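The values are calculated or read from the model by the stated rules, or taken from the named source; none is laboratory data. Only a predicted model underlies this, so the values are computations on that prediction, with no experimental measurement involved. Because the Cβ atoms are built from the backbone with ideal geometry, glycine has one as well, and the counts that use them run over all protein chains shown.
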Amino acid sequence: MPKKYSIIISLTLAILLQVSALGKLAAQATVFTIGSAANVAATTVTIPVTAANFTQFMAWQGSINWDNSKLNFASVSSPISQLTGMQFNNSVASNTGQLSFIWVDNNLTAQTIASNAVLFSITFNVIAGASGNTDLVFANTPTQLVVSNTNGTSVNNVVYNKGTIGFLASPTSPSFTIGSVSNAIAGNTINIPITAKNFYQYLAFQGTISWDTTKLKYNSASVIATQLSGIDFNYSRSSATTVGALSFTWLDANLLPQTLVDNALLFTINFTVQAGATGTTSLFFSNEPTPMLLSTANGTSANNAVLNNGLVAFQGASLPPVFTIGSMAHVSTNRISIPVRATNFSQLLAMQGSIVWNNTKLNFLNISGIHPQIANALFNNSNGATEGRLTFLWTDSTVTAQTIDSNATLFLINFSVPTNTSGFTNLSFVSNPTNLVLSNSAGATVSNATYNNGIVTFSAPICIGGSNSVTADIVGAGYQWQLNTGNGEFNNLSPTANFTNTNNATLNLTNIPSSFSGYQLRCIVNGTASTIYTIRFYNYWIGGTSTAWENAINWSCGFVPDANTDVVLQSGATFNPIVASNISLKSLTVGQGISVRVLSGFTITITGE
């Protein structure tokens, strides 16, 4: 056997052995998760409790606690069939709501539940005026958390994830991010951006950014955001340390709270790269000498800020790789393509992992657009009752480490969208059944990769005269829906017979007339515009009765399409349509394996896309 192929086989075996070992460890970890909800404005909210790796267990018990001043227990759903006989008890201790649960299999038979299945759901009454948020946490009070396996012994390595309910009057947690730079060369200058998200109605903020002065020499800082004019900077470094510190302090000169658009650039820091700097170094938020503080419009401290540190990679080193699943908002078509992209894909030899989604909302079709540098990648799709799963495995065929341009698309996942799909689904990187593993040019595991998940939101196809709803794809403290009727201008919506909940995250559309086709909707959230949603009327050919295009019963909306309708001829219909009249449509999409026949003397006119 040629030596080259011997190396490939040895490397692949090493990776697979490593994955096998990781898989055995992962299989032992059981995770219970309480769901979350944001921007709750309703009088009730229902939260699911799910589990992953619930395998061969015979008993489970514990408690869930929450802030009873914001939520009152209303009810709990019947548990999943494998947990038949599970008992619940609700109680209140001081200001803490408590739900105890206990389950022992009636037949003393160990049960296994599919990962991410809903075990049960809890419905709460939302207290009038509730603001801020409350955590829902697994607790040992009043009933201790215990899981027992098939032998009746206690399982110790169980993970319990809390949930959070945020109320509409409460802004999302603000976040501050220090930027990163790659290929920093000794003697050159670099600029590090400091950005913010969810910076909503804040009056003042301060803090400190620190770094290693043996690798980066501070030059200056420049304010970018005009709303933060007057910010003060102070650089300091103790002679006894190699840690530099840049303190920043801002208070609005007119004591007026300020709001910034998401990803706004606050200021930049200019450094010179020191001679001999190698590898990487972090730039991080610290509390010395100036502690991090953020003040709200009423002068109180906001203690929920998220701080994201930055990284500088010097010449010859690289930033950690980042893999991102794309997102789409307000999908109303019957087919979509979701990209999987990579940044800092530098000198990698192998890659593998899994991606999951809700299979009731997206049906896997195929993979396309595979990047030529990973052209030999292998893919495998499997579908459960509610969960779709894609595994991917790539090892360079010549055992040559590959570098791919940042933000390049590695591959596209193509899905079909079932009729009348609504709501949303996450697309998430997971380590089941194939573990997420990267190998560098030496065949060693890359341990610092970041995996960003995607989300697809749907708009159920709307019929002329029908109803629908659309949800903003960004969150915040204030919502204002706007409408563009075709003149290019968006104007604020007030409640009408056709539009309600105009100041909430979800806008309701009722009895929408044909003339609204092409109208556009968007939501202004904390000064930022959401993705635009265009009103389009979709009518699907069901063709279960006859071939007649003109028979209303053959159409999903119950009437024959008109010039304002987007028509979709779905694959799998019993009959192919035959047109025996002159018709006008806004658009026509023909599925695979179906055809349309137009009788002599008649035409189909497409009015526009």
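Results, tabulated for the structure shown:
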{"read-out": "Thr605 being modelled with pLDDT of 85 or more and exposed (fewer than 14 other Cβ atoms within 10 Å of the Cβ)", "value": "yes"}
{"read-out": "Boolean, Ser600 is without any contact (Cβ under 8 Å) to a residue 40 or more places away in the chain, assigned to a loop (DSSP other than H, G, I, E, B) and exposed (fewer than 15 other Cβ atoms within 10 Å of the Cβ)", "value": "yes"}
{"read-out": "The listed residue being buried (at least 18 other Cβ atoms within 10 Å of the Cβ), free of Cβ contacts under 8 Å to residues at least 40 places away in the same chain and not β-branched (Val, Ile, Thr), out of Leu362, Leu348, Leu378, Leu390", "value": "Leu390"}
{"read-out": "Any chance Thr177 is closer than 30 Å to Asn526 by Cβ and at pLDDT 90 or above", "value": "yes"}
{"read-out": "So Ser154, is it hydroxyl-bearing (Ser, Thr, Tyr), closer than 28 Å to Asn432 by Cβ and exposed (fewer than 14 other Cβ atoms within 10 Å of the Cβ)", "value": "yes"}
{"read-out": "Pick from region 522-534, criterion in contact with a His (Cβ under 9 Å, 6 or more places away or on another chain) and not polar (S, T, N, Q), ranking: surrounded by the most Cβ atoms within 10 Å (Cβ to Cβ)", "value": "Tyr533"}
{"read-out": "Some residue of region 396-417 being buried (at least 20 other Cβ atoms within 10 Å of the Cβ) and either farther than 28 Å from Ser182 by Cα or without any contact (Cβ under 8 Å) to a residue 12 or more places away in the chain (or both)", "value": "yes"}
{"read-out": "Residue satisfying all of: in region 432-454; surrounded by 19 or more Cβ atoms within 10 Å (Cβ to Cβ) and among the hydroxyl-bearing types (Ser, Thr, Tyr); nearest to Ser337 (Cα to Cα) among these", "value": "Thr434"}
{"read-out": "Filter result for the condition that a residue is at pLDDT 90 or above and of a type in the set (Ser, Thr, Tyr), over Ser94, Ser75", "value": "Ser75"}
{"read-out": "Of the criteria (1) under 30 Å from Ala93 (Cα atoms); (2) touching an Asp or Glu at 6+ places or on another chain (Cβ under 6 Å), which one Leu136 fails", "value": "(2)"}
{"read-out": "Flag for Ala240 being free of Cβ contacts under 8 Å to residues at least 24 places away in the same chain, assigned to a loop (DSSP other than H, G, I, E, B) and hydrophobic (A, V, I, L, M, F, W, C)", "value": "yes"}
{"read-out": "Of the criteria (1) in contact with a strand residue (DSSP E or B) (Cβ under 8 Å, 6 or more places away or on another chain); (2) more than 25 Å from Thr134 (Cβ to Cβ), which one Ser121 fails", "value": "(2)"}
{"read-out": "Only listed residue being of a type in the set (A, V, I, L, M, F, W, C), modelled with pLDDT of 90 or more and more than 18 Å from Ser148 (Cβ to Cβ), chosen from Phe88, Phe54", "value": "Phe88"}
{"read-out": "Boolean, Ser295 is over 28 Å from the mean Cα position of the chain (by Cα) and outside the structural domain of Thr434 (by TED's automatic domain parsing)", "value": "yes"}
{"read-out": "Of residues in region 473-506 being among the small types (Gly, Ala, Ser) and modelled with pLDDT of 90 or more, the one farthest from Tyr202 (Cα to Cα)", "value": "Ala497"}
{"read-out": "Criterion violated by Val223 - all others in (1) in contact (Cβ under 8 Å) with a residue 60 or more places away in the chain; (2) within 30 Å of Ser295 (Cβ to Cβ) satisfied", "value": "(1)"}
{"read-out": "Complete set of residues in region 61-70 that are closer than 15 Å to Ser36 by Cα and modelled with pLDDT of 90 or more", "value": "Ile64, Asn65, Trp66"}
{"read-out": "Hits in region 513-533 (condition: of a type in the set (A, V, I, L, M) and either at pLDDT 90 or above or not in a loop (DSSP other than H, G, I, E, B) (or both))", "value": "Leu521, Ile524, Val525, Ala529"}
{"read-out": "Residues of region 481-500 satisfying the condition of being outside any strand (DSSP E or B) and either crowded, with 17+ Cβ neighbours inside 10 Å or aliphatic (A, V, I, L, M) (or both)", "value": "Phe490, Leu493, Ala497"}
{"read-out": "Residue that is surrounded by the most Cβ atoms within 10 Å (Cβ to Cβ) [pool: residues in region 310-344 that are among the hydroxyl-bearing types (Ser, Thr, Tyr) and closer than 30 Å to Ile192 by Cβ]", "value": "Thr343"}
{"read-out": "Selection from region 285-302 of residues that are touching a Leu at 6+ places or on another chain (Cβ under 8 Å) and surrounded by 12 or more Cβ atoms within 10 Å (Cβ to Cβ)", "value": "Phe285, Met292, Ser295, Thr296, Ala297, Ala302"}
{"read-out": "Pairs, first of a type in the set (Lys, Arg) in region 318-341, second modelled with pLDDT under 85 and not in a strand (DSSP E or B), C-beta under 7 Å, six or more apart", "value": "Arg341/Asn407"}
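Yes/no per residue for (1) aromatic (Phe, Trp, Tyr); (2) within 30 Å of Val598 (Cβ to Cβ):
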{"position": "Asn492", "(1), (2)": "no, no"}
{"position": "Pro495", "(1), (2)": "no, no"}
{"position": "Asn511", "(1), (2)": "no, no"}
{"position": "Cys523", "(1), (2)": "no, no"}
{"position": "Phe537", "(1), (2)": "yes, yes"}
{"position": "Ile542", "(1), (2)": "no, yes"}
{"position": "Ser546", "(1), (2)": "no, yes"}
